[in-house]
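Enquirer: Sharing a structure, written as structure tokens. Questions coming.
Taken together, the values in this text are just the output of simple stated rules run on the coordinates, not laboratory data. In this text, all values refer to a predicted model and were calculated from it rather than measured experimentally. Cβ placement follows ideal geometry from the backbone for every residue including glycine, while neighbour counts extend to all protein chains displayed.
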Amino acid sequence: AKNVGILAMEIYFPPTFVQQEALEAHDGASKGKYTIGLGQDCLAFCTEVEDVISMSLTVVTSLLEKYKIDPKQIGRLEVGSETVIDKSKSIKTFLMQIFEKCGNTDIEGVDSTNACYGGTAALFNCVNWVESSSWDGRYGIVVCTDSAVYAEGPARPTGGAAAIAMLIGPDAPIAFESKLRGTHMSHVYDFYKPNLASEYPVVDGKLSQTCYLMALDTCYKYFCHKYEKLEGKQFSLSDADYFVFHSPYNKLVQKSFARLLFNDFLRNASSVDDIAKEKLGPFSTLTGDESYQSRDLEKASQQVSKPLYDAKVQPTTLIPKQVGNMYTASLYAAFASLLHNKNSELAGKRVILFSYGSGLTATLFSLRLHEGQHPFSLSNIATVMGVAGKLKSRHEFPPEKFVETMKLMEHRYGAKDFVTSKDCSLLSPGTYYLTEVDSMYRRFYARK
Ligand code: ACO
């Protein structure tokens, strides 16, 4: 199989959201902390009728319907998620309801979990399957689904929720350059979920920021090394058209891109202009550790990378800023933003993606885009996702109602024997919602 990659995409996020500006005031944070400091606009969240299973049912059903894919044509289905509902039964098995109805149970794949990286692991598995000798000619589907919720405190505004489904196969408009990959994996406790009675993670915010940037540096180093071996020349930011980052909050994305420019400067790669050389010069002697702590370096590199950021990163930031951190779906929601903003200009372009999951696992990888043929074309994918419409039809909640919902969900997490309000009035037609969890913890869903 050639040009294996993403043939089609669909995205779903809850229609319920809170404005970061309102949340900031409600939390007593200084004005601008969430909007400018973190760079976020809004935060989407699941109410009691939605969860990672309902969102994934919604997004997979919608993908199949909108691209007119017969469920029998699916031979592999993989889910990436870090929102654990049942510690043993995979989310994938819930999705089998869609396929069993059509008589297809011959579908490989289960869930992959490592913080925000599970979706990327699932995606690599699916692409590898299509490229392998066990491929049976059918499509794969990758689902990223998460609800990111934090305890009250500084991490709470970095929540969010969404599900993304991607159809995988050959001759894709979004093809993997599989040889161009750099991975870094390591044992750290920056963010993890040891308390199984709570949906909230234990998080060392500052450590997680540094781990993210260190992982980025290491992946970029390996990536550049492989590129140079393959192409016989240095890689620099000018060799790719867009850079897409896992986006816990936008400020970290700005810092990440600035960090890549600093890496180019240190390697003396050709893309760094004279102004950047002059501004970054004073920092060339910092040790690695010092460079992560230097506020001056952060400022200088963000300043010199700004024009390139506006061209190569800004078009990828819309959904993560509007929805928040979507954990496994965050990187792919950023990529969906690029398709939404630039779909008509993307043919022939190279896009670099950085996936980060705390704990930690990270990969930097490369995609090559082609216009593709209907229905698997870049422009049709953008049309099907309908990002602008979905953002516009949302319902704003005041912070008080958001906090109230978080409290209710704390009680509901891990609970049994309850029925939900079944109030699906805010959901659009076709959306799945949770109706009941019975005395055996079995979950039941209905479709609007
Ligand atoms: N106006 C403008 N900017 C402001 C204001 C203000 N009034 N107040 C603060 N800021 C800036 C700060 O200077 C800082 O910016 P900087 O990083 O450029 O210096 C930014 O806002 C955040 O302020 P901090 O004081 O650093 O924020 P705090 O430590 O309270 O929380 C954190 C931020 C650590 C990211 C927290 O939200 C968190 O723990 N989030 C979850 C962990 C996370 O997302 N980690 C990322 C990778 S791992 C993952 O994906 C889960």
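Enquirer: Mind listing the long-range amide H neighbours of V79? Cut-off is under 5 Å, sequence gap 5 or more, other chains count too, H placed in the peptide plane at 1.01 Å from N.
Expert: V110, D111, S112, V143
Enquirer: Find out how many positive minus negative residues lie around S81, taking Lys and Arg as positive, Asp and Glu as negative, among other residues whose Cβ is under 15 Å from that of S81. Walk me through the numbers on the way to the answer.
Expert: Numbers: positive: K87, K89, K92, K193, R443; negative: E50, D51, E78, E82, D86, D111, D146, E199.
My count for the surroundings of S81 gives -3.
Enquirer: How many percent of the alpha carbon pairs in the chain exceed a separation of 32 Å?
Expert: Numbers: 34822 of 100128 pairs.
That tail contains 35 percent of the Cα-Cα pairs.
Enquirer: Would you mind checking which residues have amide H under 5 Å from S147's amide H? H placed 1.01 Å from N; only 5 or more apart, or other chain.
Expert: For S147, whose amide H was placed from the backbone, the distant partners under 5 Å are T83.
Enquirer: Is there a pair in K193/K407; K72/K422; K179/K255; K92/K349; K229/K349; K2/K221 whose C-alpha atoms are over 23 Å apart, and which pairs would that be?
Expert: Numbers: K193/K407 18 Å; K72/K422 31 Å; K179/K255 27 Å; K92/K349 33 Å; K229/K349 21 Å; K2/K221 27 Å.
Distance filter (> 23 Å) returns K72/K422; K179/K255; K92/K349; K2/K221.
Enquirer: How much of the calculated P(r) for region 1-158 lies past 27 Å, in percent of all Cα pairs? List each step's numbers first, then the result.
Expert: Values: 4198 of 12403 pairs.
That tail contains 34 percent of the Cα-Cα pairs.
Enquirer: Could you put M409, M440, M96, M55 in order, starting from the residue whose Cβ has the fewest other Cβ atoms within 10 Å? Please report the intermediate quantities before stating the final value.
Expert: Details: M409 18, M440 7, M96 14, M55 31.
Listing M409, M440, M96, M55 from fewest to most nearby Cβ atoms yields M440, M96, M409, M55.
Enquirer: Oh, and also: Distance from the Cα centre of region 290-353 to that of region 28-58, in angstrom?
Expert: 19
Enquirer: Still on this model: Karplus couplings for region 295-309 from phi (6.51 cos²θ - 1.76 cosθ + 1.60, θ = phi - 60°), rounded to Hz, Gly and Pro as x?
Expert: 5, 5, 4, 4, 5, 5, 6, 5, 5, 6, 8, 3, x, 5, 4
Enquirer: If you add up the charges near Y222, with Lys and Arg at +1 and Asp and Glu at -1, over every other residue whose beta carbon is less than 14 angstrom from its beta carbon, what do you get?
Expert: +4
Enquirer: When N is the residue count of region 235-392, what does its C-alpha Rg come to as a fraction of 2.2 N^0.38 Å? Before the final figure, lay out the partial values.
Expert: Working: Rg = 16.6 Å, N = 158, 2.2 N^0.38 = 15.1 Å.
Ratio of Cα Rg to 2.2 N^0.38 Å: 1.10.
Enquirer: Each residue of region 15-25 in order: what ³J(HN,Hα) in whole Hz does its phi give by Karplus 6.51 cos²θ - 1.76 cosθ + 1.60, θ = phi - 60°, with x for Gly and Pro?
Expert: With the stated coefficients, region 15-25 comes to x, 9, 8, 10, 6, 5, 5, 6, 5, 3, 5 Hz.
Enquirer: Based on the Cβ-Cβ distance of F444 and V202, what FRET efficiency does E = 1/(1 + (r/R0)^6) give at R0 = 30 Å, to the nearest 0.05?
Expert: 0.45
Enquirer: Sticking with this structure for a sec: Return the sequence-ordered ³J(HN,Hα) values of region 34-45 in whole Hz as given by the Karplus equation 6.51 cos²θ - 1.76 cosθ + 1.60 applied to θ = phi - 60°, using x for Gly and Pro.
Expert: So the J values, rounded to whole Hz, are 7, 7, 9, x, 8, x, 9, 9, 9, 9, 8, 8.
Enquirer: Tell me the net charge near P201. Cut-off is 11 Å between Cβ atoms, P201 excluded, with +1 for each Lys or Arg and -1 for each Asp or Glu. Display every interim value, and only then the final one.
Expert: Values: positive: K193; negative: E82, D190, E199, D204.
Once all neighbours under 11 Å are counted, the net charge is -3.
Enquirer: Quick one: Cα centre-to-centre distance for region 241-286 and region 416-448, in angstrom?
Expert: Region 241-286 and region 416-448 have Cα centres spaced 47 Å from each other.
Enquirer: Let me ask another. Give me K206, K416, K255 ranked fewest to most by other Cβ atoms within 10 Å of their Cβ, as a rough exposure proxy. Each step should come with its number before you reach the end.
Expert: On the way: K206 9, K416 12, K255 19.
Exposure proxy ranking, most exposed first: K206, K416, K255.
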